[in-house]
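Engineer: Next up is a structure, given as structure tokens.
What follows is calculated from the coordinates using simple rules that are stated; it is not laboratory data. All figures in this text were calculated on a predicted structure; none of them were measured in a lab. We place every Cβ from the backbone using ideal geometry, glycine too, and count neighbours over all the protein chains shown.
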Amino acid sequence: LNYLKGEFYKVFHRKSFYVFTGVISLLAIATNVLSCFYGGLCQAEIFDQILLMGLYYLVLPAYLVLLFTDWISGEESKNGTMKNAVSMGVSRSTIYISKFLVALAVSFLSAAVILLALYGSGWLLFAIGGGVSMEYVTYLLQGLMGALPLWMACVAMGICLNSIMRSNILAAFLSVGIISILELPIMFLGKIWAGFEVLKPYTIMNQLGRL
């Protein structure tokens, strides 16, 4: 528990977390403000499009969470300081699980702030006093719930790779490669043996694309 508290302390005392969340939130608000000048749709329709925007960019958090895994685990692996915790009697499984839980919590907190900025400002600008399409809200919630396990898998992968590699840059590139282009070697191997084609629908990118 003390190790877990220490990980939270380190994250919340880093400017990078607040800068990242703040910048993305401001960009979301700016996008909604710029939508005010779009004359092709009525206000209710613009807010419907903002709701659907979340479905178009479900793949984006899969990459953004890698920033959190790098902040939480990459620096210790790079500097070789993780062995200090092990020498103090903290098991490697405890270290990994703690970092995974902290990365999840921080990712959820940042996502909640960003989504509140996006949809809160959108509601204030376009939907206040009017109706909100529950059909689109349902679509959005279904998409978010469907993508959640895949995002959690990306967090677990990022923590794992940063924990076993001394280079956080290499770990980041490998993580992006697994998310983005894992389908390509599967397709190539599928030409050699058709059994590999069974794996293609289960890649992270393919699953996110189906939501």
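Engineer: Taking the Cβ of E135 as the center, what net charge do the other residues with Cβ under 15 Å away carry, scoring Lys and Arg +1 and Asp and Glu -1?
Structural biologist: Here the charged neighbours net out to -2.
Engineer: Nearest 0.05, what FRET efficiency do M152 and H13 give at R0 = 35 Å with Cβ-Cβ as r?
Structural biologist: Once the sixth-power term is evaluated, E becomes 0.90.
Engineer: Testing the spin-label approximation: label points 7 Å from Cα along Cα→Cβ at M134 and T31. State their distance in nm.
Structural biologist: It is 2.6 nm.
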